[in-house]
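Peer 1: Handing you this structure, nothing more for now.
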Amino acid sequence: MKQVASIRTELNDSAIAEEFIEGREFLVGVLGNSPPRALPPIEVDFGGLPEGVPKVLDSKAKWEERSVEYKGTKTVVATLPDELRARLQKVAVDAYRAVRVRDYGRVDLRLTDTGEIYVLEANASCYLERGSEFAMAAVAGGLDYPRLIERIVNLAMERYNGKRS
């Protein structure tokens, strides 16, 4: 609470504190509107982080190439049993629908040791660069990068023109 109060004071803005969920982290891309389809899950591998460094995919881990966090994390297509993959994808699609994401998005999840799945974030405008996790998942699902971008554009155009996709 001290940190939240400090952020509020320093930035003169709202702040929120969230409980840390220990477990494996997955990024699940979702594509489409009616119906949306989950792409293969991408797992965040925190195995290269030194002891004591939080296992969080924060801005340092994503963008600061010289940081310990960036060097200690990588994303890979998840190798999962079919049942677990299906559960992660269902939760991702449910979250995507719940917050009314359209065309494409990514849902970030944590899986605890007891098998509980927590939604960390539903990102309605996730990074689409060729090397992004979303593009990686699309390729793993059989959709190359040019076709992925074309599919997203077509989904938006269909929606704009009042057609169902």
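Peer 1: Taking K and R as +1 and D and E as -1, what net charge do the other residues with C-beta under 13 Å from the C-beta of Gly142 add up to?
Peer 2: Once positives and negatives cancel, what remains is +2.
Peer 1: Find the lysine pairs in the chain meeting two conditions, Cα atoms under 13 Å apart and a separation of 8 or more places or different chains, and report how many there are.
Peer 2: Number of lysine pairs found: 6.
Peer 1: Averaged across orientations, what area in nm² does the convex hull of the alpha carbons in the chain project?
Peer 2: That works out to 11.8 nm², a quarter of the Cα hull's surface.
Peer 1: Continuing with the same structure: Suppose the chain between Glu150 and Glu19 were pulled fully straight at 0.36 nm per residue; how much longer would it get relative to their current alpha carbon spacing?
Peer 2: Contour length minus Cα-Cα distance gives 43.3 nm.
Peer 1: Suppose only helical runs count, i.e. DSSP H with n ≥ 4. What mean residue ellipticity at 222 nm does that imply for the chain under -39500 (n - 2.57) per run, divided by all residues and rounded to the nearest 500 deg cm²/dmol?
Peer 2: That comes out to -10500 deg cm²/dmol.
Peer 1: Using packing as a proxy for protection, rank 45-55, 113-123 so that the peptide with the highest average count of other Cβ atoms within 10 Å comes first.
Peer 2: In descending order of packing, they fall as 113-123, 45-55.
Bear in mind these aren't lab numbers, they're just calculated from the coordinates by the rules spelled out. Quick caveat, the model's predicted, so the values are computed rather than measured. Cβ: placed from backbone, ideal geometry, glycine included. Neighbour counts: every protein chain shown.
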